[in-house]
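For reference, the structure discussed in these notes is given below.
Rule-based calculations on the coordinates, nothing more; no lab input. Quantities reported herein were computed from a predicted structural model and do not represent experimental measurements. Don't worry about glycine lacking a Cβ; one is built from the backbone with ideal geometry, like all the others, and counts go over all protein chains shown.
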DNA sequence: ATTCCGTTATGACTTTTATGCATAACGCAT
DNA sequence: ATGCGTTATGCATAAAAGTCATAACGGAAT
């Protein structure tokens, strides 16, 4: 038996950001490619792409600058806005899970 | 833009308890009927029933004593185990949402 | 006994959501 | 021109969630 917690941000009742999307943006930042990033975090490119599309639409912010074609086939990089958002979210998340786990152990064991 | 958080318990990777189920058990305790409880928390009887079934199977604990037929058509009451579990979960949940909301405001505003 | 009532119990269907597949378009480098 | 690995999407399929209809129950009133 284990405790799980989830944290996400909504806009107009629609989810726009959570742990999965955080991993995705992070991986894009690392690998410079949506495709590569998706593989790395074990989701399909299709899904990654849908995530990004939805995030950008709902947030009204451009998060990923993409280029199809060109040297190495193209790629993707995070915008400054994305980096800022990511940073805030990570701060947000930090400590929450630990708090939850602690509480769980204290009560259920 | 708003923050959302969710807390739930899993057994073997399967969810067994969360806020919705907490409301359900609580309502059953109050109304003495799954049917009535479901209406009260705005879910279908079918869903409520599925919840209970899954919880009991996965937890391996009898949570709701039911009777079909009889005076007033029957009804349902929580077992002692259910009450205990509910109590622990509520302790668990207490304070978490507040912590999250606070953190969110501090960072995003 | 028979009927009535509100309940539990489930199967079957429908709708929605998520996932996966196939394919087009891109543009630099060779 | 051709090749390469990428982004970009429509479309089909699968899975999950939700809805609907109906059976069975058993005490109480008739």
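Here the residues B:47, B:106, ranked from fewest to most Cβ neighbours within 10 Å of their Cβ, fall in the order B:106, B:47. In this rough spin-label picture, where each label sits 7 Å from Cα along the Cβ direction, the residue A:42-residue B:72 distance is 4.9 nm. Rounded to two decimals, the Cα-based Rg/Rh of region A:15-108, with Kirkwood Rh, is 1.08. Which value does Rg/Rh take for the protein assembly as shown over its C-alpha atoms, Rh per Kirkwood? That ratio equals 1.09. Peptide A:13-25 has a mean of 1 when you count, residue by residue, the C-beta atoms of other protein chains within 10 Å of its C-beta.
Restricting the calculation to Cα atoms, region A:59-109 yields a radius of gyration followed by a Dmax of 18.6, 57 Å. Sequence-distant contacts, meaning Cα pairs under 8 Å at least 6 residues apart, place the relative contact order of chain B at 24 percent. Helix A:80-93 axis versus longest C-alpha principal axis of chain A: approximately 10°, rounded to the nearest ten.
If you take each beta carbon of peptide A:5-11 and count the beta carbons of other chains within 10 angstrom, what is the mean?
5
The long axis of helix A:19-31 is offset from the longest Cα principal axis of chain A by roughly 40 degrees. For residue B:91, the label point sits 7 Å beyond Cα toward Cβ; its separations from the matching points on the remaining copies run 3.4 nm, from shortest to longest. Axis of helix B:45-59 versus longest Cα principal axis of chain B: the two differ by about 80°, to the nearest ten degrees. Label-to-label distances for residue A:102 across copies, nearest first, come out at 1.2 nm, using points 7 Å from Cα in the beta-carbon direction.
From helices alone, chain A scores -18000 deg cm²/dmol at 222 nm; the rule is -39500 (n - 2.57) for each run of n ≥ 4 DSSP H residues, then divide by the residue total. Neighbour counting of Cβ atoms within 10 Å sorts the residues B:97, A:21, fewest neighbours leading, into B:97, A:21.
Note on B:83-95: average number of Cβ atoms from other chains within 10 Å of each residue's Cβ is 2. If you take the Cα centroid of region A:5-72 and the Cα centroid of region B:1-75, the two points sit 35 Å apart.
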